[in-house]
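Each remark here refers to the structure printed beneath this line.
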Amino acid sequence: MMVLTVLSSIFLVLGTLFVMAMTIGMLRFPDAYTRLHAGTKGLTIGGGLILLGAALQAPDILFGLRVLLIGFFLLLTNPISMQAIARAAYRAGKARRHLVLDEYQEYLEQRRKSHEQSR
């Protein structure tokens with residue numbers, strides 16, 4: 001029982017450190033893409049570690065499995081949602097000014113031209 005408590009505490013502290021680093025990164029990074037990168041990594045890893053630590057401290061196995069299921073859905077949905085946010089920031093023009101190479105803009109223009117030709 002003591003080993004689970006120590007292991008759980010380690011996961012909780014590491015998860016908290018990742019979330020703290022994510023928060024600092026989101027406040028300090030210069031543009032939307034680097035902020036989203038910090039948010040994705042920090043929340044996925046930090047949140048996962050916190051949930052793993054909570055699952056180890058669960059009063060019963062069913063509660064622990066529910067917490068691990070939440071972590072699984074976090075692992076699946078967080079990168080996808082951050083991708084959607086990055087795409088929305090790009091299309092709104094909030095993140096374009098810092099780009100050196102913008103291949104997505106070329107793709108959008110090519111797609112628009114082919115759409116106009118098909119009319």
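We did not get these values from a lab; they are worked out from the coordinates using the rules stated. Since the structure is predicted, the reported quantities are computational estimates derived from the model, not experimental observations.
Computed from Cα positions, the angle between helix 61-91 and the longest principal axis of the chain comes to roughly 20 degrees.
Against the chain, whose longest principal axis comes from its Cα atoms, helix 2-28 is set at around 30 degrees. If the chain linking Arg28 and Ile70 were pulled fully straight, counting 0.36 nm for each residue of separation and taking away their Cα-Cα distance, it would gain 12.2 nm. Rounded, prolate or oblate: which fits the chain when a ≥ b ≥ c are the square roots of the eigenvalues of the alpha-carbon gyration tensor, with rounded for a/c under 1.5 and prolate only if a/b beats b/c? Oblate is the answer for the chain, as a/c is 1.5 or above yet b/c matches or exceeds a/b.
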